[in-house]
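One structure below.
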Amino acid sequence: MSHTLPPMRQLTETLSACGQLTASDIEALAAAGVKSLICNRPDQEEPGQPSTASLQAVAEQLGMQWYYQPVISGQVEDQQGDEFAAILASAATPVVAFCRSGARCGMLWALSQRTQQSGVQLVQHLQHAGYDMPDFFKRLTR
């Protein structure tokens, strides 16, 4: 049985971001060779959202690495970008990060790169990946 991959935003050669995953999405990602998942969404953010524990169980059953870094929407902090960088440094690639829409994942990645790239470069990179986050872009280029 083939599953369709969820819509992805490519951040680097080894990192993509997307919105909320389901168990069948995780099966499709595993079949496509994804090695690690980063969940940036707190449990119970909205009704009907799959629980972190249920998704983690599916991922680990399929041999994937699972990382849980819940970040509250609209409250992404620089330190969380550093934590995201540490996760990326240890995660087997390719990696898919997810939250409700994928926006927090893009922000975390950009913050994880803020000492390696300029704010302008990061904004261009995020725009190229399909992000439109004017307030966050201003924060990066301050």
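The values are calculated or read from the model by the stated rules, or taken from the named source; none is laboratory data. These numbers were taken from a predicted model, which means no experiment stands behind them. Every residue, glycine as well, gets a Cβ built from its backbone with ideal geometry; the counts of neighbours run over all protein chains shown. The accessibility values were calculated without ligands, DNA or RNA, using every heavy atom of the protein model including side chains. Shrake-Rupley method; radii C 1.70, N 1.55, O 1.52, S 1.80 Å.
Tabulated values for the structure
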item: Filter result for LEU29 (open to solvent by less than 30 Å² (accessible area, probe 1.4 Å) and either within 24 Å of TYR131 (Cβ to Cβ) or among the polar types (S, T, N, Q) (or both)); result: yes
item: Contacts under 7 angstrom Cβ, first residue in segment 116-134 being within 11 Å of ARG9 (Cβ to Cβ), partner open to solvent by 50 Å² or more (accessible area, probe 1.4 Å), 6 or more apart; result: ALA129/ARG9; ALA129/GLN10; GLY130/ARG9; TYR131/ARG9
item: Output for segment 24-42, where each listed residue is of a type in the set (Ser, Thr, Tyr) and under 22 Å from TRP109 (Cα atoms); result: SER36
item: Residue satisfying all of: in segment 115-133; part of a helix (DSSP H, G or I), hydrophobic (A, V, I, L, M, F, W, C) and over 18 Å from GLN80 (Cβ atoms); least open to solvent (accessible area, probe 1.4 Å) among these; result: VAL123
item: Cβ pairs under 6 Å, 6+ apart, first in segment 15-37 and touching a residue at least 40 places away in the same chain (Cβ under 8 Å), second assigned to a helix (DSSP H, G or I); result: ALA17/CYS105; ALA17/GLY106; LEU37/ALA59
item: Looking only at segment 46-62, and only at residues there that are open to solvent by less than 50 Å² (accessible area, probe 1.4 Å) and of a type in the set (A, V, I, L, M, F, W, C), the one that is nearest to ALA89 (Cα to Cα); result: ALA59
item: Residue within segment 96-113 that is over 20 Å from ARG41 (Cα atoms) and either open to solvent by less than 30 Å² (accessible area, probe 1.4 Å) or more than 11 Å from the chain's Cα centre (by Cα) (or both) present; result: yes
item: Matching residues, segment 10-26, being open to solvent by less than 10 Å² (accessible area, probe 1.4 Å) and in contact with a Gly (Cβ under 8 Å, 6 or more places away or on another chain); result: LEU11, ALA17, CYS18
item: Yes/no for GLN65 being open to solvent by 60 Å² or more (accessible area, probe 1.4 Å) and not aliphatic (A, V, I, L, M); result: yes
